[in-house]
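Engineer: Dropping a structure here in structure tokens format, bear with me for questions.
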Amino acid sequence: MPSSSVFVQARYRRSIYIGAFASRIQLRGALRVEGDVLTLEYRERWRSPITLRMVEGKPQRVSAPCASLGNIEIVPRLLGGQWLILREAAFEALHTWPGARNGVCRFQVVGATRQAVAEATSELALAVAESHLRLAERSGDEAER
């Protein structure tokens with residue numbers, strides 16, 4: 001299992017207060033695989049429409065079974081950097097994840113060097129693929145019985 005985390009950030013829109021304006025949310029967090037579950041631990045920040053100061057939310061955690069996710073993709077960004085794209089393979093696997101739209105979550109990968117980012121993301125992709133393989137093996141064993 002991978003021991004490293006992939007640090008990510010994202011921006012998306014959501015209504016913060018009832019009846020208030022939609023605010024742009026900044027998310028910073030870490031993706032890691034724990035057993036057969038992909039976990040995102042994150043904290044949100046936004047500018048308060050009343051005071052115009054940055055407000056920081058509480059630490060939060062969401063997770064999804066690796067078997068319910070598709071392949072993890074790394075895509076280059078237009079002005080440098082990389083996007084990490086998660087797609088769901090099972091219906092509504094990512095519905096509780098922040099910024100998820102149409103079964104896809106897109107995060108900007110944050111890291112010191114490109115090589116460190118590439119190694120950590122490939123470890124995540126490998127852990128998800130191993131989870132799919134274990135699930136296929138278990139279903140094959142049950143079919144034999």
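Engineer: Name, by its number, the condition in (1) touching a residue at least 24 places away in the same chain (Cβ under 8 Å); (2) of a type in the set (Gly, Ala, Ser); (3) over 19 Å from GLU34 (Cα atoms); (4) surrounded by 19 or more Cβ atoms within 10 Å (Cβ to Cβ) that does not hold for ALA118.
Structural biologist: The one condition ALA118 does not meet is (4).
Engineer: What residue, among those in the stretch 16-66 that are assigned to a loop (DSSP other than H, G, I, E, B) and under 17 Å from LEU124 (Cβ atoms), is modelled with the lowest pLDDT?
Structural biologist: GLY35
Engineer: Output the number of the condition that GLU56 fails; it satisfies all remaining conditions of (1) touching a residue at least 24 places away in the same chain (Cβ under 8 Å); (2) surrounded by fewer than 16 Cβ atoms within 10 Å (Cβ to Cβ); (3) not aromatic (Phe, Trp, Tyr).
Structural biologist: Among (1) touching a residue at least 24 places away in the same chain (Cβ under 8 Å); (2) surrounded by fewer than 16 Cβ atoms within 10 Å (Cβ to Cβ); (3) not aromatic (Phe, Trp, Tyr), GLU56 violates only (1).
Engineer: Follow-up. Quick one: THR96 ticks every box in (1) surrounded by fewer than 13 Cβ atoms within 10 Å (Cβ to Cβ); (2) over 14 Å from the mean Cα position of the chain (by Cα) bar one, so which box is it?
Structural biologist: All conditions are met except number (2).
Engineer: Of the residues VAL104, VAL110, VAL75, which single one is touching a Lys or Arg at 6+ places or on another chain (Cβ under 7 Å) and either closer than 23 Å to HIS132 by Cβ or touching a residue at least 60 places away in the same chain (Cβ under 8 Å) (or both)?
Structural biologist: Residue meeting the stated conditions: VAL104.
Engineer: For the stretch 67-79, indicate whether the set of residues that are touching a Gly at 6+ places or on another chain (Cβ under 7 Å), buried (at least 18 other Cβ atoms within 10 Å of the Cβ) and part of a strand (DSSP E or B) is non-empty.
Structural biologist: No: the stretch 67-79 contains no residue that is touching a Gly at 6+ places or on another chain (Cβ under 7 Å), buried (at least 18 other Cβ atoms within 10 Å of the Cβ) and part of a strand (DSSP E or B).
Engineer: For the stretch 100-113, which residues satisfy the criterion of being under 14 Å from TRP83 (Cβ atoms) and at pLDDT below 75?
Structural biologist: GLY111
The values are calculated or read from the model by the stated rules, or taken from the named source; none is laboratory data. If you're wondering where the values come from, they're calculated on a predicted model, not measured in any experiment. Counting neighbours? That spans all protein chains shown, and the Cβs are built from the backbone with ideal geometry, glycine included.
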